[in-house]
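Some notes on the structure that comes next.
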Amino acid sequence: MTTRNLPIYQIDAFSDILFAGNPAAVVPLSVWLPDDVMQKIAMENNLSETAFFVPVDADDDADFDIRWFTPTVEVPLCGHATLASAFVIFNLLGFRGDRVRLQSKSGILTARRDGDALVLDFPKQPIAPERIADNVIAALGGEVPVETFVVTSRDTDLVAVYANAAIVRSMAPDMSMLATLADRGVIVTAPGDKTGLDMVSRYFVPAIGIDEDPVTGYMHCVVAPYWADKLGQDDVVGYQASARGGVVACKVAGNRVHLKGEAVLYLKGEITVPA
């Protein structure tokens, strides 16, 4: 079999130190690989997301096209792997300028430098009240949420709001059960419990090959508008209480959410793929 080598980077996103935040693989391409090959690369990497991007020629709206894959499926939006990709573009590929535009299945996304951090401009994810089935609540541990929603942009992510952050932090879901009950994922969130934190959240996605996503940009496009509305302020700071943990500073601006975070290079190397 004829093969070729491609560069690969692994970035810890939404963190300013190694071994924290959310690790993402980033594979820059000159042209798209076949979809099945990208899916197999993501499966081989076995991280919550692998991002692929290709340069866009002569397009006034975007600099790159970007796509994201979990170990089992392609997803339409991913925050931490976009942050990781922007880090690679700015710091490792010699991109000139302080703002990069990325065309995606969720429209144009941008990332800009802000000191040592990067700020993503993402679409707000709308929610609507919906009852979560009792067996899903049982799989989360049985605590009764004070409110429940569905993400209407996807109709498959459920949101459960709890009275206090201790419930969210200590939650130990039955992942095998949750994988069969939720079409996609379950977001759990509660008011912040420490100075400087407005919300504490977690994101369980066993149905698409990720038991718990460590730090999720997309999820904050769901919970940030909710808590901003509750608190009467545009700027909110979220903590994602996974084992790795991470802080995401959010600003709600109309139908957009700006997500601010840092990123750190963990690995750079080459992968071998079919030619």
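The values are calculated or read from the model by the stated rules, or taken from the named source; none is laboratory data. Quick caveat, the model's predicted, so the values are computed rather than measured. Cβ sites come from the backbone with ideal geometry, for glycine too, and all protein chains shown count toward neighbours.
Summary of values
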| read-out | value |
| --- | --- |
| Unique residue being touching a helix residue (DSSP H, G or I) at 6+ places or on another chain (Cβ under 6 Å) and surrounded by fewer than 16 Cβ atoms within 10 Å (Cβ to Cβ) when the list is D198, D193, D235 | D193 |
| Pair list, Cβ under 6 Å, 6 or more apart: region 59-87 residue not assigned by TED's automatic domain parsing to the domain that holds D114, other residue at pLDDT 95 or above and surrounded by fewer than 23 Cβ atoms within 10 Å (Cβ to Cβ) | none |
| Test: S104 is in contact (Cβ under 8 Å) with a residue 24 or more places away in the chain, of a type in the set (S, T, N, Q) and touching an Asp or Glu at 6+ places or on another chain (Cβ under 8 Å) | yes |
| Test: residue in region 210-224 that is at negative phi, in a strand (DSSP E or B), of a type in the set (V, I, T) and not assigned by TED's automatic domain parsing to the domain that holds N91 | yes |
| Qualifying residue in region 144-165 (condition: of a type in the set (D, E), in contact with a helix residue (DSSP H, G or I) (Cβ under 6 Å, 6 or more places away or on another chain) and crowded, with 17+ Cβ neighbours inside 10 Å) | no |
| Qualifying residue in region 251-270 (condition: touching a Gly at 6+ places or on another chain (Cβ under 6 Å) and either surrounded by fewer than 22 Cβ atoms within 10 Å (Cβ to Cβ) or of a type in the set (S, T, Y) (or both)) | no |
| Of all residues making up region 112-124, the number that are farther than 24 Å from Y266 by Cβ and either of a type in the set (S, T, N, Q) or not in a loop (DSSP other than H, G, I, E, B) (or both) | 2 |
